[in-house]
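Below is one structure, written out as structure tokens, with a few remarks after it.
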Amino acid sequence: MSDVVEKTLTALPSLLSLDSHPGSAKLSSTSKLGNLIRGITELTSKHEEEKLIQHELLAIKEQVSSPNTTMMKELMVRSIYCEMLGYEASFSYIHAIKLAQQGTVLEKRVGYLAVSLFLNESHELLLLLVNTVLKDLQSTNLIEVCMALTVVSQMFPKDMIPAILPLVEEKLNHPKEIIRRKAVLALYKFYLIAPNQVQHIHNKFRKALCDKDPGVMTASLHIYLQMIQENPEAYKDLTPSFVTILKQVVGGKLPMDFNYHTVPAPWLQIQLLRILSLLGKNDQSTSEVMYEVLDESLQRAEMNHNITYAILYECVKCIYTIHPKSDLLEKAAKCIGNFVLSPKINLKYLGLKALTYVVQQDPKLALQHQMTIIECLDHPDLIIKRETLELLFRITNGQNVTVIVEKMLEFLCISEDDHTTIDLVGKVAELAEKYPLKYNEWFIETMNTVFSLGGDMMQPDIPNSFLKLLSEGFDSVEEDRKLRLFAVNSYIPLLRGEPGKLPQRFLQVISWVLGEYSHLREDLEPAEVLSLLAKLLDMKNSSSETKSWVLMAMTKLCKGGADASVTQEVSETYSSSLDTVLRQRAHELQYLSQDPELRARVLPRGSCGNFAFVSEALAAGAAPYKPPHQRQEELDQSKALSLEPYGLSLPISMSSCSITDRQSPTLLSMSSGLSGDTLKLDGIKRVWGREGYLAQREPVEEAAQVEVPSPIQSPGRQGEGDSLHSQTPTQTPTPEPEQEKQQLASSLFVGLASQSSVSLMGKSEPMPQRFRRKAKGQGLGSSFIANEQISSSLISPPSAVDNLLCNNLLDSNNASELAEQTSQLSQSLTTANGTCHAEAELTESDTKGCNPALRRDNCVVAAGPGPHNDPGRLTEVCLDSYLPAELSGLSHSEIAPLCANQSLNLSACHVQKEDSLILVVFIMNSSESAIQQIPAGEVTSYSVAVGQYSLTVKRPAVHVEVVGTVSYQLPAGTSQSLQFSYKVPLTSFIRPFVVSTEEYGTMWLSFSHDTKQNLTLINDNQEPLTATLNALKKKLQLHVVEVIGMEGIVACRLLQDLPCLMHCRVNAGWLAVWLRSPVPDLPDCLIYHCQRALQSL
Amino acid sequence: MIKFVLMVNRQGQTRLSRYYHSVELSRRAALEADVVRYCLSRKKDQCSFVEYKDFKLVYRQYAALYIVVGITDSENELSIYELVHNFVEVLDKYFSRIMFNLDRVHIILDEMIQNGHIVETNKSRILAPLTTIDKMVDS
């Protein structure tokens, strides 16, 4: 930016801040605010300030209640000032509202301003403003209308929106642009706080988008950005409009006053680019519409000004988000190069940020700039350093992880900011655990540093997953032993040193590990470990949680004999502790140390396999564990009384039995808090951490096993995948003379080369998190085509539990069918965007159901006269007949074609069964050649394979999208894949839920997630409430429990057993609906569908 | 998204603050003090963007006055940096004839940023409502 402008502005601060500037004193001598500000500026201590402000507030309070209106505005501004400094002036709130109500123009504006500064959205006084707003909206004075709209778009009570909505809508047609613009912004606010209220005026948003005034159009983009973020599919048709707008803006078609430093409406350009990138993401045809304008934007923005760089940054981000086009990518990459090489530090920062984003798609780019990155790593400015680490984090692979972690730890040592520490510690732990090849001394040392530096701030799941990892071990017993021994070896000196300096969490980890594994070190006497542990108990700063861990470790270690004195002493001290947990532990210690036999039975050595106890019990026929909420629901459904008050006791009873299964207290409490499926995982190794954790991890070996990488992945993960994939060390020559940097570079950027055009263009990535190390579920087959082996691995990446559960199911069902057939077809389903989890399971019945369909041979050929030329038509004509027999009687959705290539045609439909939703995928072989290579002669060409999957929703969303890949191998050896996605509305998963009014009442109180909304009533001849409820019942499969007068109660469940209750009341021409459910988001999604259902009538 | 806009002097005293997400009154003073400390400690040749807790600060200095904007990570730092300058240019345009008023700066800011989003950047349109009010008051 130009220095000239900067200089002309240096006069400004004196105006603004009234610092001891000669001019300002003169200017503000008449104003009391000026006096106040000057007074405060001259003060030296906080205490004096407080005194002065309190005095000021008293004075204001006195004057404000006297009916001297001429002073009001001044007083209000002084109150604003006092509040701004942190001193509450609540007495003036009501006066602010009065001022907005009664004042003259400027006073009114200040009144509104004060209200918007003083009150928050839920403040009850805000209700008093509604009438004023109503009045001003109807004013003939445009400036008053303007003010009312401004305050409405800043804050307005949600419940009162219907009162002013018609007036605001009306303003959309106002002749003045400013009124239309502000009306759009007000509607945007309504959309933010109550999206359902403005759903009926979506077409008016479109009108605003097409408004002849660019300002109104700009305002409408806020709404569109928001809506497109939520559901890009619904607005794809607008892409050409956004492109045209951007083209016009870039081409300088806007009036001159929209320019900022000769750049046309830069912030508008940025907004449009953001919208385009959302629309073009994972969508080739939509992306193609925007290539030209993106290219133009890149070219136009070549002027040397900050704001053009800001646009460029957004443009580059967009280019790397949408479906790739090579020459654009090239230009964008060059652009990033200019950024990172810039001597201007702000640009460098932005360049690094862009690079961080981009390397996820194309890790190779980091190679080009490796020397710059290394320089940035040593940059004196911490923020640059920090951003560089962020970049390195994204390009970490098995080969460079040690160097990158080292750099991160270096930064951790100098960082003072807690938030940065927590973030970085989390990242280091994630990296350390991510690369199984590194599970050795390095791993332990790194984790030790993480625990010491991260202290007690870090995420609690870090120590948990570390311990879990250590206890579950890996493939090799010997390796496990070495790792554990190394941990023990590294902890002993720490305890001998100054354990008082170690964070509590670390001490807990140490205690647990020593309790479990110190026996691995043969030269170490248990007595010594015991005394080291006992020392921890005596430390002043040990928390009682740590003490409890220590006591448990001691219980595991004590063998009687020589150790007895230490344990005796400790247990005596703590058996009278006021802390019940400690007392419990002390008693356990006492009894078990005296009774070696009992101890051997309760704590058998080496039985630290995680859920061994559980799996044994399960095998013996015990019922699987269900979490409290699930049990609660089942109880509700079995018409028992609600046992809610007892729910609390559960974790306590769990932890009191913890000693029997040798679990750490935290692990236990964690597992009891997890969802019900957890304990079914026995036998599956390496589930660590909670959902989010697993999703971020990508094992190296598995990447290779996955035959066809699914291209449908969030771009945020692609870089990792690519970098993991490639193992070729970098060979890029660099002219940099410094050998040291060279070395660092080669160690940092190792493994990033190769993969060039593929990763650029294909955006491919191995399946994330498919199977952890032991890869149990690989290649599970089911034969739904007579001679083809189909391996189906069904995954839903965000949830480890689902994932493994599926694999397990598949394992048991189909593993035996793995066979020697020539063609292989593997199909994988995954859910998109991580918003909803569709858990798919392939049931036995599928196989049965499918075979007959297949044996129907040439049905397709027979039906269509020209099958060779028109496979698409075939799909429509005949697929119905391929529906598995047991489903054919049920109503199914229209069979929709999904996608096709030269050899396969995919179609799908869903069938609603009483207790499940079945997704039926039709895989039609449309190629002659492939068929000929299938050995068995009875399946001729153009046959159809049918797969069916039972879907359930883990986390509700308005629409559930199932994404999958069919990968198959031709006998010739070429493997191919076909990806598809299929969308199912949530309503397909809704079933009536039959309950009595009493049960309804009990459940109602126990559900925690709710939403309220007004719906339109149907006014036909019938009684409106009954009519509306019946319509909903019909459309959404709800169960109307009872209708009493003006109220009705309705219940439904989301498959399988997630209830949602609905309470409806007729109120002032609306149907006030209140939904409650134990499932987050379910009420919101359901209300959306209710609204849609009523609208479509 | 923009979280807040602050104007502070070199002594660290707040001259103007506007929050676009709810922050309790009692926590504001501490947050502002923290933010100012971060920005004041930085040298001229250092980056104008700072990481602070889970958001970023974009700051710009005009003589003794600092303007600090708190933003989320998804925001474009450089565009905010220039937005600050646009804001200052608007203030310059307006206050060249009228003396400083806390309320008027707020009114101008309200025209530019709402709910944490940039809603207007056209200088004449930003000032239109305010100048109209001024005219009405004068007459």
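In table form, for the structure just shown:
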| quantity | calculated |
| --- | --- |
| Count of region B:73-84 residues which are in a loop (DSSP other than H, G, I, E, B) and either at the interface with chain A (Cβ under 7 Å from one of its Cβ atoms) or not small (Gly, Ala, Ser) (or both) | 3 |
| Scan of region B:1-22 for residues that are surrounded by fewer than 16 Cβ atoms within 10 Å (Cβ to Cβ) and either facing chain A (nearest Cβ under 10 Å) or not small (Gly, Ala, Ser) (or both), ordered by number | B:Met1, B:Arg10, B:Gln11, B:His21, B:Ser22 |
| Any hit, region B:62-72, residues being among the aromatic types (Phe, Trp, Tyr), part of a helix (DSSP H, G or I) and facing another protein chain (nearest Cβ under 9 Å) | no |
| Whichever residue in region A:968-1016 is of a type in the set (Phe, Trp, Tyr), assigned to a strand (DSSP E or B) and over 30 Å from A:His200 (Cα atoms) and, among such residues, is modelled with the highest pLDDT | A:Phe980 |
| Breaking point among (1) facing chain A (nearest Cβ under 10 Å); (2) without any contact (Cβ under 8 Å) to a residue 24 or more places away in the chain, for B:Asp138 | (1) |
| Count of region A:71-97 residues which are away from chain B (no Cβ under 11 Å) and without any contact (Cβ under 8 Å) to a residue 12 or more places away in the chain | 1 |
| Inter-residue pairs, beta-carbon under 7 Å, first closer than 13 Å to A:Tyr591 by Cβ and in region A:567-580, second charged (D, E, K, R) and assigned to a helix (DSSP H, G or I), 6+ apart | A:Ser575/A:Arg583 |
| Some residue of region A:119-141 being in contact with a Gly (Cβ under 7 Å, 6 or more places away or on another chain) and either in a helix (DSSP H, G or I) or of a type in the set (A, V, I, L, M) (or both) | no |
| Any hit, region A:98-109, residues being more than 12 Å from every other protein chain (Cβ to nearest Cβ) and either within 43 Å of the chain's Cα centre (by Cα) or at pLDDT below 85 (or both) | yes |
| Search result, residues across region B:1-46 that are among the aliphatic types (A, V, I, L, M), touching a residue at least 60 places away in the same chain (Cβ under 8 Å) and farther than 21 Å from A:Asp417 by Cβ | B:Met1, B:Ile2, B:Val5, B:Met7, B:Leu16 |
| Among (1) in contact with a helix residue (DSSP H, G or I) (Cβ under 8 Å, 6 or more places away or on another chain); (2) farther than 30 Å from A:Gln226 by Cα; (3) not small (Gly, Ala, Ser) - the single one B:Glu89 does not satisfy | (2) |
| Filtered residues of region A:146-164 (kept if within 11 Å of another protein chain (Cβ to nearest Cβ) and either of a type in the set (Gly, Ala, Ser) or more than 11 Å from A:Arg109 (Cα to Cα) (or both)) | A:Leu149, A:Val152, A:Ser153, A:Gln154, A:Met155 |
| In region B:25-53, the residues that are more than 9 Å from chain A (Cβ to nearest Cβ) and either in contact with a His (Cβ under 8 Å, 6 or more places away or on another chain) or assigned to a loop (DSSP other than H, G, I, E, B) (or both) | B:Ser41, B:Lys44 |
| Meets criteria (more than 14 Å from chain B (Cβ to nearest Cβ), without any contact (Cβ under 8 Å) to a residue 60 or more places away in the chain and part of a helix (DSSP H, G or I)) for A:Thr372 | yes |
| Condition check for A:Arg181: free of Cβ contacts under 8 Å to residues at least 40 places away in the same chain, buried (at least 17 other Cβ atoms within 10 Å of the Cβ) and basic (Lys, Arg) | yes |
| Answer residue from region B:88-124, given it is facing another protein chain (nearest Cβ under 7 Å) and surrounded by fewer than 17 Cβ atoms within 10 Å (Cβ to Cβ) and is modelled with the lowest pLDDT among those | B:Met99 |
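The values are calculated or read from the model by the stated rules, or taken from the named source; none is laboratory data. Because the structure is predicted, anything quoted here is derived from the model rather than measured. No Cβ is skipped: glycine too gets one built from the backbone with ideal geometry, and neighbour counts run over all protein chains shown.
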